[in-house]
Amino acid sequence: MLYTIYNDFIEVVISDVGAELMSVKTRDDGTEYLWQGNPEFWGGRAYNLFPICGRLTEGKYTYEGNTYEMNLHGFLRKSTLEATELACDKIDFALRADDRTRAMYPFDFEYHICYTLVGHTVKMEISVANRGNKVMPFAIGGHPGFNVPLGSGEGETFEDYYVEFTPECSPRAIYMSDTCYVTERTDDFPLEDGRILRLRHSLFDRDAIILQDISNRISLRSSKSAKSVTLEIPDAMKYLGIWHAPKKEAPYVALEPWTSVPAYDGVIDDLSSKRDMFELSPRATYELIWSITVG
């Protein structure tokens, strides 16, 4: 089911499947900022990631001596969530552990994502509650794709766009294997003036770029127009994936803030020691807020 929320500035459509953003438009001119899922390039739009980010080696992990299977980016993105609160400019979605999720992830959790519109901003408040009696490892991530060019894009090309980091930073790129898993190697990833990454399709010939040591404000901008998208992310989202379908001239870019990363190449993770997982105590709740601003 699709739900629409709006204010004076933007209109947003969200699906109950994955609580996935399906559309983000400005109301004054009808500009669609969100990638619309053309399957020729990528059928997704804006996945929410839980309880892992990225791939697991052989699609599986171990925990307390048992082996579990889980798809890319976790099961949330293909789960149907319950809309628990709805107002014209706000909606909350919930997913609670059941037999289906426990077969993939043996924990009693409750996940909420609340979308609230503030001016031109879509604010996402995520909470994860551990309803069980053992420590619960998990990760959170976002995977929104944005049209490039934005709006009509008249007279613009993909190469007119750039990603801007504020404040200046000196990121390092995690070197990925040919099969898109993490390696121990990181490389300097210099930005123009410490801020600018100019887009070109060849950046993604080896799939995603994954950066660490990044800024908290990341913007998608054009050198030829004023339209832009800006992500504000907390320190906990310390990795950023930048991606489009490899070896294609895809008319979008995904900006993906993650709290964790894929498995190491050739290593089947034990969930209790997997890199950068949060460890939530029994009966505790973790909260995280990030946002997307368009205009």
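The condition of being hydroxyl-bearing (Ser, Thr, Tyr) and closer than 28 Å to residue 199 by Cβ holds for residue 170.
With a requirement of 2 or more residues that are open to solvent by less than 70 Å² (accessible area, probe 1.4 Å) and farther than 25 Å from residue 23 by Cα, the strands (runs of 3 or more DSSP E) lying completely within the stretch 81-176 that satisfy it span 109-118, 121-130, 136-138, 172-176. When every residue of the stretch 55-71 is checked against the conditions, at least one turns out to be surrounded by fewer than 17 Cβ atoms within 10 Å (Cβ to Cβ), modelled with pLDDT under 95 and out of contact with any His (no Cβ under 9 Å at 6 or more places or on another chain).
Filtered by the rule that a residue be aliphatic (A, V, I, L, M) and within 21 Å of residue 187 (Cβ to Cβ), the stretch 210-236 gives 210, 211, 214, 218.
In summary, residue 241 fulfils each of the numbered conditions (1) more than 22 Å from residue 38 (Cα to Cα); (2) of a type in the set (Gly, Ala, Ser); (3) within 17 Å of the chain's Cα centre (by Cα) with the single exception of condition (1). Of the residues in the stretch 269-279, at least one is within 17 Å of the chain's Cα centre (by Cα) and surrounded by fewer than 19 Cβ atoms within 10 Å (Cβ to Cβ). Among the residues of the stretch 216-225, not a single one is polar (S, T, N, Q), within 20 Å of residue 260 (Cβ to Cβ), open to solvent by less than 30 Å² (accessible area, probe 1.4 Å) and in a loop (DSSP other than H, G, I, E, B).
Taking the stretch 9-38 as the range and being farther than 20 Å from residue 253 by Cα, in contact with a Ser or Thr (Cβ under 8 Å, 6 or more places away or on another chain) and assigned to a strand (DSSP E or B) as the test, the residues that pass are 10, 11, 17. None of 211, 197, 231 is in contact with an Asp or Glu (Cβ under 9 Å, 6 or more places away or on another chain), in a strand (DSSP E or B) and of a type in the set (A, V, I, L, M, F, W, C) except 197. Scanning the stretch 243-262 for residues that are more than 18 Å from residue 294 (Cα to Cα) and open to solvent by less than 20 Å² (accessible area, probe 1.4 Å) gives 244, 245, 250, 258, 259, 260, 261, 262.
The values are calculated or read from the model by the stated rules, or taken from the named source; none is laboratory data. Remember, predicted model here, so these are calculated numbers, not experimental data. Reconstructed Cβ throughout: ideal geometry from the backbone, glycine too, with neighbour counts over all protein chains shown. Quick note on the areas: whole protein, heavy atoms, side chains included, nothing else; ligands and nucleic acids left out. Shrake-Rupley method; radii C 1.70, N 1.55, O 1.52, S 1.80 Å.
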